[in-house]
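A short worksheet on the structure shown next.
The values are calculated or read from the model by the stated rules, or taken from the named source; none is laboratory data. Note that this is a predicted model, so its numbers are computed, not measured. FYI the Cβ positions are ideal-geometry reconstructions off the backbone, even for glycines, and counts take in every protein chain you see. The area values use the complete protein model at the heavy-atom level, side chains included, leaving out ligands, DNA and RNA. Shrake-Rupley method; radii C 1.70, N 1.55, O 1.52, S 1.80 Å.
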Amino acid sequence: MNLKNYIVLASAAALMASCQGNKTATNGSAYTIEGKLQNATPGQIFLFELGEQQFIARDTADISQDGTFSFQGQVEEPTLYRLGLDQQNALMMVLENKNIKVQADARDLNNTASFENSEDSELFQRLNKMVNENRQKEMALSEQFNRAISEGKTEEAEGYRQQYLSLQKEVKNFIAKHPESVVSAFGTLSLVNPQLDFAFADSMLTLYTQHIPESKYTKTLNDRLSAMRTTAVGSVAPDFTLPTPEGGSMALSQLRGKYVLIDFWASWCAPCRKENPNVVKMYNKYKDKGFEIFGVSLDQSREKWLKAIADDKLTWPQVSDLKGWESSAAQLYQVDAIPQTILLDKEGKIIAKGLRGEELEAKIASLVQ
């Protein structure tokens with residue numbers, strides 16, 4: 001159980017080498033950043049734009065003897081930027097074409113920054129603080145959850161899981177309260193897993209389309225969700241047919257009438273192999289009660305695939321086109337990590353994704369009883 005760390009730091013040297021300024025916009029307005037740093041020494045401060053994969057160096061400014069500095073330029077739309085003295089000591093802000101004032105202690109920019117005339121930057125600081133505080137709580141809950149599971153204390157473990165879910169809900173509630181802000185849209189992109197929480201992400205997209213339709217974050221979220229819409233919880237699972245170990249082929253739709261777990265795995269996936277004994281026990285417990293598993297391997301070697309099936313005693317239907325990550329089924333369901341599970345009801349509708357271990361067995365038990 002881990003909250004996603006959404007601020008990705010890139011190499012300062014690489015970013016500085018790409019410094020190119022930030023002086024274009026589609027309108028005639030401009031931004032000014034007037035800064036004041038306590039405990040600063042004369043030097044330089046750097047302005048980075050948050051790109052799709054990394055921070056892009058945009059400008060530099062000199063820090064005066066009294067700790068003041070300034071930037072001027074233009075942006076096409078409100079965008080996440082990073083203002084930093086070096087790779088570690090930096091703060092995030094939303095840059096838009098207005099006069100923004102920022103103050104901070106040079107010894108710790110991120111935790112001491114305050115803004116004037118930049119409500120979105122203040123909003124980001126609040127969200128960032130919440131995520132960091134929750135991350136500490138989450139680490140403790142993860143340890144307690146794992147210990148309770150190992151000791152067979154299922155009720156106690158469920159209590160820890162519910163506390164963890166409440167932390168996630170707190171972040172989502174914050175995001176939901178600010179649909180007019182690019183911070184909210186960026187938070188949805190970065191902190192919400194649409195594979196597991198598609199309905200929430202999709203509902204927020206509807207609001208962003210109303211309030212900030214031209215934002216790059218709204219457009220990115222729309223692209224991401226559009227690609228996932230056919231495999232979201234509540235949708236009928238797209239059918240596919242792949243080769244079986246025996247040399248024939250089998251379609252997912254052949255299992256209609258049962259609760260079906262699509263299990264994406266591979267012989268080379270250590271977590272998958274470690275989980276297999278537990279899956280075998282669960283399968284043997286529920287296979288005669290209307291439950292089936294459809295194993296989809298992302299192997300490339302037929303020999304290793306067949307050996308893993310035999311070694312792990314996997315007796316449920318297995319298929320693979322032996323194309324690894326290029327598997328047509330994996331691409332259809334946008335699987336980018338394994339093990340990955342997708343649970344279907346008797347009509348073939350997706351009712352859950354990403355369940356494993358105790359949580360998965362509890363769900364199966366509730367369905368077949």
**Asked** Can you run phi through the Karplus equation (6.51, -1.76, 1.60; θ = phi - 60°) for the range 334-351 and list ³J(HN,Hα) in whole Hz, with x for Gly and Pro?
**Response** 6, 7, 10, 7, 10, x, 9, 10, 9, 9, 10, 7, 5, 8, x, 8, 6, 10
**Prompt:** Which whole-number value in Å² is the accessible area per residue of the range 240-369, probe 1.4 Å?
**Reply:** 48 Å²
**Asked** Amide H to amide H under 5 Å from Asn99: which residues, 5+ apart in sequence or cross-chain, H placed 1.01 Å off N in plane?
**Response** Thr32
**Request:** Subtract the Cα-Cα distance of Lys346 and Leu332 from 0.36 nm times their separation in residues, and report this length gain in nm to one decimal.
**Result:** 3.0 nm
**Complete:** Nearest 10, in degrees from 0 to 90: the angle of helix 357-368 to the longest Cα principal axis of the chain is 50 degrees
**Item:** With DNA, RNA and ligands ignored, accessible area of Thr241 (1.4 Å probe; Å², nearest 10)
**Value:** 80 Å²
**Message:** If you take log10 I(q)/I(0) by the Debye sum over Cα atoms at q = 0.09 Å⁻¹ from the coordinates, which of (1) -0.65; (2) -0.54; (3) -0.60 do you get?
**Reply:** (1)
**Asked** Going down the table (Lys281/Lys346; Lys274/Lys363; Lys169/Lys219; Lys153/Lys363; Lys219/Lys323), which pairs top 29 Å between alpha carbons?
**Response** Lys219/Lys323
**Request:** Out of all DSSP beta bridges with both ends in the chain, state the antiparallel percent to the nearest 5.
**Result:** 70 percent
**Asked** Helix 270-286 versus the longest principal axis of the chain: what is the Cα-based angle in degrees, 0 to 90, to the nearest 10?
**Response** 50 degrees
**Asked** Highest GNM mean-square fluctuation, the chain, Cα pairs closer than 10 Å: which of Ile175, Ile342, Ile351?
**Response** Ile351
**Request:** Report, to the nearest whole %, how much of the accessible area of the chain belongs to carbon and sulfur atoms, 1.4 Å probe, protein only.
**Result:** 48 percent
**Asked** If the chain between Ser142 and Thr209 were fully stretched, how many nm would it gain, using 0.36 nm times the residue separation less the Cα-Cα distance?
**Response** 20.5 nm
**Message:** Give me the percent relative contact order of the chain, please, defined on Cα pairs under 8 angstrom at least 6 residues apart.
**Reply:** 12 percent
**Message:** Using protein chains only and a probe of 1.4 angstrom, how many square angstrom of His178 are accessible, to the nearest 10?
**Reply:** 30 Å²
**Request:** Return the distance in nm (one decimal) between the two label points of a simple spin-label model at Gln44 and Trp325, each offset 7 Å from Cα along Cα→Cβ.
**Result:** 3.5 nm
**Prompt:** What pairs from Lys258/Lys349; Lys101/Lys172; Lys129/Lys177; Lys101/Lys177 go past 20 Å between their alpha carbons?
**Reply:** Lys101/Lys172; Lys101/Lys177
**Prompt:** Which angle from 0 to 90°, rounded to the nearest 10, does the C-alpha axis of helix 119-150 make with the longest principal axis of the chain?
**Reply:** 30 degrees
